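> Take this structure first; my questions come after.
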Amino acid sequence: MTSAVVVRGLWKRFGQQIAVAGIDLELPAGKFIGLVGPNGAGKTTTLSMVTGLLRPDQGSVEVVGHDVWRDPVEVKARIGVLPEGLRLFERLSGRELLAYSGRLRGLPGAEVDKRATQLLDVLDLAGAQHKLVVDYSTGMRKKIGLAAALLHNPEVLFLDEPFEGVDPVSAQTIRGVLERYTASGATVVFSSHVMELVESLCDWVAVMAAGRIRAHGPLIEVRGAAPSLQQAFLELVGAHGRDAGSDLDWLGGGAR
Ligand code: ATP
């Protein structure tokens, strides 16, 4: 099995807060990989370190055989990233943003134009291509960010919560593009809280909680005997059977 990503002893602290507590992880190439975990588990911090956006306190990360922190240019040429809280150039139109991203990646202008037209079309953004990005909706922003991340045909694509704030129609479109992309041998790594989505899309998952990897491997193995990934996840992160409402005896019932 070739690995797209190899993480060794990765740590990150923010003051007293340990965000990532020494994780080891090997993500296989050519798979649709889900990184799941509750709020604050350390998913964004991990993805930021893996993609060269945040320097780890300790540990190493290799992406497609290159060390992210020793060889950042090699790695960045081979990956695409849709980060959390994506910041875009708001005063460019969608098409201009793609033209700019393509040129930054060193693609010839004619090739950028061709790929941009196809991506805008497939992602249902052709009608909004001349609109400024500042006027895009949340879902449209995710889609133009995804187009920019795919334009240079990366070997590995990292997506932080790609479906958050995206309507079902756009989600289906994004899903179709990602499925086509992995079918060609590329790797997708994405973080999500939505277990049904991870279960239906991914063939490989890593479950994170409190800065550690609790389980990782093929979806079927991680799900084990549980009826769904959601159940397996709740058991793994220790939230199974907790009655979240038991202390809120004042809530509801009309009494003030
Ligand atoms: P969510 O699903 O809610 O986005 P997450 O799994 O992506 O959560 P992270 O954003 O990686 O989690 O955060 C992990 C922990 O690190 C949290 O306790 C968070 O408060 C803390 N943290 C993350 N970034 C910073 C920062 N820049 N400064 C201080 N603490 C941080």
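Bear in mind these aren't lab numbers, they're just calculated from the coordinates by the rules spelled out. Since the structure is predicted, the reported quantities are computational estimates derived from the model, not experimental observations. Here the Cβ is made from the backbone with ideal geometry for all residues, glycine too, and neighbour counts use every protein chain on show.
> For the subset of the range 78-121 comprising residues that are among the hydroxyl-bearing types (S, T, Y) and surrounded by fewer than 17 Cβ atoms within 10 Å (Cβ to Cβ), which member is farthest from M140 (Cα to Cα)? Before you say what the answer is, go through the steps one by one.
Within the range 78-121, the subset among the hydroxyl-bearing types (S, T, Y) is 93, 100-101, 117.
Filter once more, so that each one left must be surrounded by fewer than 17 Cβ atoms within 10 Å (Cβ to Cβ): 100, 117.
Working: Y100: 18, T117: 16 Å.
Selected residue: Y100.
> Also, I was wondering about something else. Checking the conditions here, which among G65, G15 is within 12 Å of the ligand (Cβ to nearest atom), without any contact (Cβ under 8 Å) to a residue 60 or more places away in the chain and over 14 Å from the mean Cα position of the chain (by Cα)? Outline the logic, then answer.
Details: G65 fails: within 12 Å of the ligand (Cβ to nearest atom).
Just one listed residue meets the conditions, G15.
> With respect to R175, determine if the residue is among the charged types (D, E, K, R), in contact (Cβ under 8 Å) with a residue 12 or more places away in the chain, away from the ligand (no atom under 16 Å from the Cβ) and in contact with a His (Cβ under 7 Å, 6 or more places away or on another chain).
Details: among the charged types (D, E, K, R): yes; in contact (Cβ under 8 Å) with a residue 12 or more places away in the chain: yes; away from the ligand (no atom under 16 Å from the Cβ): yes; in contact with a His (Cβ under 7 Å, 6 or more places away or on another chain): no.
Taking the combined requirement at face value, the residue does not satisfy it.
> Working carefully through the options G34, G40, find the one that is in contact with a Ser or Thr (Cβ under 9 Å, 6 or more places away or on another chain), within 16 Å of the ligand (Cβ to nearest atom), within 30 Å of E235 (Cβ to Cβ) and among the small types (G, A, S).
That would be G34, the only listed residue that is in contact with a Ser or Thr (Cβ under 9 Å, 6 or more places away or on another chain), within 16 Å of the ligand (Cβ to nearest atom), within 30 Å of E235 (Cβ to Cβ) and among the small types (G, A, S).
> With respect to the numbered conditions (1) within 27 Å of A148 (Cβ to Cβ); (2) more than 16 Å from the ligand (Cβ to nearest atom); (3) touching a residue at least 40 places away in the same chain (Cβ under 8 Å), which one is the sole condition not fulfilled by E74?
All conditions pass for E74, except number (3).
> Would you check if D203 is of a type in the set (D, E, K, R), surrounded by fewer than 12 Cβ atoms within 10 Å (Cβ to Cβ) and over 27 Å from W11 (Cβ atoms)?
Answer is no for this residue.
> Output the residue which, of all residues in the range 193-208 that are away from the ligand (no atom under 16 Å from the Cβ) and not aliphatic (A, V, I, L, M), is farthest from V5 (Cα to Cα).
Across the range 193-208, the extreme among qualifying residues is E196.
> Taking helices (runs of 4 or more DSSP H) that do not extend beyond the range 1-115, which have at least 3 residues that are out of contact with any Cys (no Cβ under 9 Å at 6 or more places or on another chain) and more than 20 Å from V198 (Cβ to Cβ)?
Because the criterion is at least 3 residues that are out of contact with any Cys (no Cβ under 9 Å at 6 or more places or on another chain) and more than 20 Å from V198 (Cβ to Cβ), the helices (runs of 4 or more DSSP H) in the range 1-115 that meet it are 72-78, 94-104.
> Still on this structure: Looking at (1) within 16 Å of the ligand (Cβ to nearest atom); (2) farther than 22 Å from V205 by Cα; (3) not basic (K, R), can you tell me which one L10 breaks?
Unmet for L10, out of (1) within 16 Å of the ligand (Cβ to nearest atom); (2) farther than 22 Å from V205 by Cα; (3) not basic (K, R): (2).
> Could you tell me which numbered condition S60 fails, if it satisfies all but one of (1) of a type in the set (G, A, S); (2) crowded, with 19+ Cβ neighbours inside 10 Å; (3) closer than 30 Å to R214 by Cα; (4) more than 16 Å from the ligand (Cβ to nearest atom)?
Of everything listed in (1) of a type in the set (G, A, S); (2) crowded, with 19+ Cβ neighbours inside 10 Å; (3) closer than 30 Å to R214 by Cα; (4) more than 16 Å from the ligand (Cβ to nearest atom), S60 misses just condition (2).
> Which condition number in (1) at negative phi; (2) surrounded by fewer than 22 Cβ atoms within 10 Å (Cβ to Cβ); (3) within 12 Å of the ligand (Cβ to nearest atom) is the one that V20 fails?
So the condition that V20 fails would be (2).
> Then there is this: Is it the case, given these coordinates, that L53 is within 16 Å of the ligand (Cβ to nearest atom) and surrounded by fewer than 21 Cβ atoms within 10 Å (Cβ to Cβ)?
Yes: the conditions hold for L53.
> Only one of F190, F163, F158 is over 24 Å from K76 (Cβ atoms), crowded, with 19+ Cβ neighbours inside 10 Å and within 16 Å of the ligand (Cβ to nearest atom). Can you tell me which?
F163
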